[in-house]
Every structure is written in C-alpha cells, then in structure tokens.
Amino acid sequence: MTDTTRDLPGLDRDEIRDWLDSLDAVIDHHGLTATGRLLQELTRRAEHAGVQLPFTANTPYVNTIPAEEDPAYPGDRDLEQRLKSLIRWNALATVVRANREADGIGGHISTYASAATLYEVGFNHFFRATTETQPADLVYYQGHAAPGVYARAYLEGRITPGQLENFRRELRGPGLSSYPHPWLMPDFWEFPTVSMGLGPIMGIYQARFQRYLEDRGLLPPSDAKVWVFVGDG
C-alpha cells in the first residue's frame, strides 16, 4: 500500500503508520461495513472528549445503506422509464395546452418533472390499495404535482382526454381541479394538500390518529402507511 503518512503535531510518522496499519487490519479481518461503524464510534468518542473535527457533508453511502447492501431493483427499469417519460410528457402537454387556451392558467410544469422518479417508484412499488386483509395506504401528494398524477391516471384510463383538455377549468364541463381537493373531485383526491404547510402537518396528525384508532381498538392493527410529499414546486 502506498505510504500516505505525514507528520502531525504531537505524533511522529511511525506512530501514525501504526494507527494506519491497525485500520488496515480491521478492514482485512472485519470488512468495510464494520470498519465504517468502528470509525463512527471513534468519532463519537472524540466529539464527546471535545475534539474539534472538520465538517464534511459527504458520507460513504450512495443512499442510506452501503451500495453493496443495496438489493436489486424489483421492477422492469426500462419499462418504468418509458412510462415515466410518457407521464412527464403528458403532464407538460396538459399544462402548455391549457395555457394556450386561456392566458394565465398556470399549472407548475416543473414540479412533477423534477420529482417524477419518486412518484413513479411509489406508484409502482410502494403505495398499496385496499385488499381483503389490508387497508389502503394514505398518500398526501404535493399539490403542484397534480398534472403528473392526472397524466398517470389518463394512461390508466381513469380520466378522459376531455378532462385533460379542461385542466384547471373544471367549471367548463368535465375538467380537472387545479390542485388535489376531495370536495372538487371526491372520486379522485382524498386530501387537500396544495398548502405547503397543511399537507405535511395533516400527514403527521393522520399517522398519529391511525395509531390512536388502533390502540383504542377502533381499527384492527395493520402496517398501512401514510406517505407525504413535502416541498414547494
């Protein structure tokens, strides 16, 4: 191994090399994951002793777990990528067409485009509907992402071309509300979430209320999830 030791105040080169050799031995005998946990423990001990450590925003993880422990993707990535591209295109086309029909309609083109992977992985692999043994998950969508949810529903055959053409103009006929709202579209949306603060806090209280109902015996215990998309457009 290349010698990368350098003099440090209070430590000579041989002492530094001894420490590095010890670290190499831990890596060889216990692996990278165990070594990372050891270094985390040493860091905590040093901080507790008052050692001032340099700040770093980097971690050894690609995600929240080491890359070598990341399981294989369970779906067809090529197919899902194509579906995501179609949905993003339909969402963009819906908003652009609506603004050509009426100036100032708006519609937040970029929100779903920037978060499409999160939504599509959720739809394809995480969000669960009601079954005979399992209540449905509850999803609080980011309100500005509504065009993408509409575009996906269109591919699924749940809404019509006429509704897409009347995006944000539901009073003209069969149309689509600007944002998620169960009063305007009771057969489509469950929660009103366009407020940047209202959706997240509602999701937190909903999750607590679900557990309250289970603890009081008013709902059978389940692992139904409450999903909340947080953030502005």
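Every number in this text was worked out from the coordinates using simple rules, so none of it is lab data. Keep in mind that what you see is a predicted model, and the values were worked out from it rather than measured. All Cβ positions, even for glycine, are placed from backbone atoms using ideal geometry, and neighbour counts span all protein chains on display.
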* To do: Using a Gaussian network model of the chain whose springs link C-alpha atoms within less than 10 Å, name the residue from 105, 27, 204 with the highest mean-square fluctuation.
  => 27
* Asked: Residues with beta-carbon under 12 Å from that of residue 139, excluding residue 139: net charge, scoring Lys, Arg +1 and Asp, Glu -1?
  -> 0
* **Per-residue [θ]222 nm for the chain (sum of -39500 (n - 2.57) over DSSP H runs n ≥ 4, rounded to 500)** => -15500 deg cm²/dmol
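Compute the FRET efficiency between residue 156 and residue 53 as 1/(1 + (r/R0)^6), taking r as their Cβ-Cβ distance and R0 = 35 Å, and round to the nearest 0.05. Don't jump to the answer; show the numbers that get you there.
On the way: r = 51 Å, r/R0 = 1.46.
It comes to 0.10.
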* **Point-charge dipole on Cβ atoms (K/R +1, D/E -1) for the chain, about Cα centre, debye to 20** => 1360 debye
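In which sequence would 51, 139 go, from the one with the fewest C-beta neighbours within 10 Å to the one with the most?
Working: 51 9, 139 22.
Placing the least packed residue first, the sequence is 51, 139.
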* To do: Under 15 Å from the Cβ of residue 218, count the other residues' Cβ atoms, weight Lys and Arg +1, Asp and Glu -1, and hand me the total.
  => +1
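In units of 2.2 N^0.38 Å, what is the alpha-carbon radius of gyration of the range 77-228? Don't skip to the end; give the middle numbers.
On the way: Rg = 16.5 Å, N = 152, 2.2 N^0.38 = 14.8 Å.
Cα Rg divided by the expected 2.2 N^0.38 Å: 1.11.
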* Structure fact -> Proxy exposure order for 193, 33 (fewest C-beta within 10 Å first) is 33, 193
* To do: Would you mind counting up the charge near residue 81? Only other residues with Cβ under 13 Å from its Cβ, with Lys and Arg at +1 and Asp and Glu at -1.
  => 0
* To do: Please report the Cα spread of the range 71-117 along all three principal axes, rounded to whole Å, starting with the longest.
  => 47, 15, 8
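When the chain is fully extended, how far beyond the present Cα-Cα distance does residue 215 get from residue 64, taking 0.36 nm per residue of separation? Could the numbers behind the result be given before it?
Details: separation 151, 0.36 × 151 = 54.36 nm, distance 3.10 nm.
Extra length from residue 215 to residue 64 when fully extended: 51.3 nm.
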* Footprinting exposure proxy for 126, 229 (fewest neighbouring C-beta atoms within 10 Å first) -> 126, 229
* What residue among 132, 170, 120 has the largest mean-square fluctuation in a Gaussian network model of the chain, using Cα springs under 10 Å? -> 132
* Asked: Under a GNM of the chain (C-alpha, springs under 10 Å), which listed residue has the highest mean-square fluctuation: 69, 165, 15?
  -> 15
* Structure fact -> Given backbone amide H placed at 1.01 Å from N, residues whose amide H is under 5 Å from that of residue 140, ignoring those fewer than 5 places away on the same chain, are 227, 228, 229
* Given H placed on each backbone N at 1.01 Å, which residues far from residue 167 in sequence or on other chains put an amide H within less than 5 Å of it? -> 176
* Asked: Please state the Cα pair-distance histogram of the range 42-88 with 5 angstrom bins from zero: what percent is in each bin?
  -> 4, 15, 12, 12, 14, 13, 8, 5, 7, 8, 3, 0
